[in-house]
Amino acid sequence: MKQLAIIGPTASGKSDLAISVAKKIDAYILSIDSLSIYKEINIVAAKPSKDELAQIHHFGVDELDPNEHFSVDIFIELYQKVLQKCEKEGKNLVIVGGTSFYLKSLLQGLSPIPKLNDEAKKKVHDALLDLPNAYHFLSLKDPHYMSRISLNDRYRIEKALIVYEGSKMPPSKWFEQNPPKAVIKDLPIFNIDVSRDIIRQRIQKRTHKMLDLGLIDEVAYLEQKYTRSPNAMGAIGIVEVLDYLDAKTDLKEMLDLICTHTAQLAKRQQTFNKNQFEGLISAPLEELEAIIFSTFS
């Protein structure tokens, strides 16, 4: 079984390239996109069409409801399940998406978390009933570690409690003694090299297409069903539409803000990709497919 990753900034053509490559090397696709993981967030996430999803089996798409928590831990578990399925069914794997942080996590790995007995599980459960008090308790045990965690970050507070109750160590000490181990080694990573001018043009075109497809109705539906509380509701494309629905902006301002914020995201993605991956193979979109096939021939 072979695996490869295709990364690049938003609107660079990753999805189309991944589908083309996957067809030719008999592969499944694993999405590393922080919005595509959610059901019902379709237009904002610029997911592949139903027809494209039907052509190649995609994982990491429509896995969770928008009000469910998503994290690196969950993504790594998903990757391991997909890997087993590929090995069992004799398929290769193409990992593709714009949230390269998740790809980085596969290469770096995560530290193991101690197992809890029933008594420790109850302690964690009871402590989380009063989140500010749990945060204060952990801050006394490990002030340096907790200084990097928000008072309202329930997920990371829970993880710190699990580590403390399972090991009776401050989280900093536990993670020092249990360093992360790589989940993937020797993964070829192909990056779409595209100019910022072209990206801006493609973002503008895609944003107007999203509007035509029903962007405003989708965000209004998501707000009505899930409220504005879930983390997913803070995504680019959702926030700007919510401001428009609140009459804080007009339609043109809304579209301009989506384009601006998406272009800023693309710039951050390009910087991250260039600085975080060793041996990155970068080329323009029209050249990259041939390079990938020459590498795997």
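Which helices of the chain meet both criteria: a Cα extent of 20 Å or more along the helical axis and a mean Kyte-Doolittle score no lower than -1.0, with helices taken as whole DSSP H segments?
Numbers: long enough: 72-89 (25 Å, -0.21); 196-213 (25 Å, -1.15); 251-276 (37 Å, -0.73).
Long hydrophobic helices here: 72-89, 251-276.
Shape of the stretch 1-89 from its Cα gyration tensor (a ≥ b ≥ c, root eigenvalues): rounded if a/c is under 1.5, otherwise prolate when a/b > b/c, or oblate? Write down the numbers at each step before the final one.
On the way: a/c = 1.66, a/b = 1.14, b/c = 1.45.
Oblate, since a/c reaches 1.5 and b/c is not below a/b.
Would you grab the residues whose amide H sits under 5 Å from the one on Ser282? Only those 5+ places off in sequence or on another chain, please, with H modelled 1.01 Å from N.
Asn191
Quote the relative contact order of the chain in percent (integer), defining contacts as alpha-carbon pairs under 8 Å separated by 6+ residues. Walk me through the numbers on the way to the answer.
Values: 384 pairs, mean separation 81.6, N = 297.
Relative contact order comes out at 27 percent.
So what's the gap between the Cα centers of the stretch 109-176 and the stretch 87-105, to the nearest angstrom?
With the stretch 109-176 and the stretch 87-105 each reduced to a Cα centre, they are spaced 30 Å.
When you have a sec, figure out the Kirkwood radius of the stretch 118-177 from all distinct Cα pair distances and drop it here in Å to one decimal? Each step should come with its number before you reach the end.
Working: mean 1/r = 0.0888 Å⁻¹.
Answer for the stretch 118-177: a Kirkwood hydrodynamic radius of 11.3 Å.
Taking every DSSP beta bridge that has both residues in the chain, what percent is antiparallel when rounded to the nearest 5?
Details: 1 of 20 bridges.
If we restrict to bridges inside the chain, about 5 percent are antiparallel.
Taking square-rooted eigenvalues a ≥ b ≥ c of the alpha carbon gyration tensor, is the stretch 14-169 rounded, prolate or oblate, where a/c under 1.5 means rounded and, failing that, a/b exceeding b/c means prolate?
Values: a/c = 2.74, a/b = 2.15, b/c = 1.27.
It is prolate, given that a/c is not under 1.5 and a/b is the larger ratio.
Would you please classify the overall shape of the chain from the alpha carbon gyration tensor, given that a ≥ b ≥ c denote the square roots of the eigenvalues, rounded means a/c under 1.5, and beyond that prolate means a/b larger than b/c while oblate covers the rest?
Cα axes put the chain in the oblate bin.
How many angstrom lie between the C-alpha centres of the stretch 224-297 and the stretch 194-223?
Cα centroid of the stretch 224-297 versus Cα centroid of the stretch 194-223: 10 Å apart.
Among Asp51, Asp73, Asp217, which one moves the most in a GNM of the chain with springs linking Cα atoms closer than 10 Å?
Asp51
Measure up Lys47/Lys252; Lys2/Lys81; Lys39/Lys267; Lys39/Lys225; Lys2/Lys23 against 18 Å on the Cα-Cα distance and list the ones that go over.
Details: Lys47/Lys252 24 Å; Lys2/Lys81 16 Å; Lys39/Lys267 27 Å; Lys39/Lys225 12 Å; Lys2/Lys23 14 Å.
The answer is Lys47/Lys252; Lys39/Lys267.
Go through 97-103, 137-143 and give me the packing order, highest mean Cβ count within 10 Å leading. Working shown, then result.
On the way: 97-103: 22.6, 137-143: 15.7.
Ranked from most to least packed, the peptides come out as 97-103, 137-143.
Where a number appears in this text, it was derived from the coordinates with a stated rule and is not lab data. The model shown is predicted, which means the values in this text are computed figures rather than measured ones. Ideal geometry is used to build each Cβ from the backbone, glycine not excepted, and the neighbour counts take in all protein chains shown.
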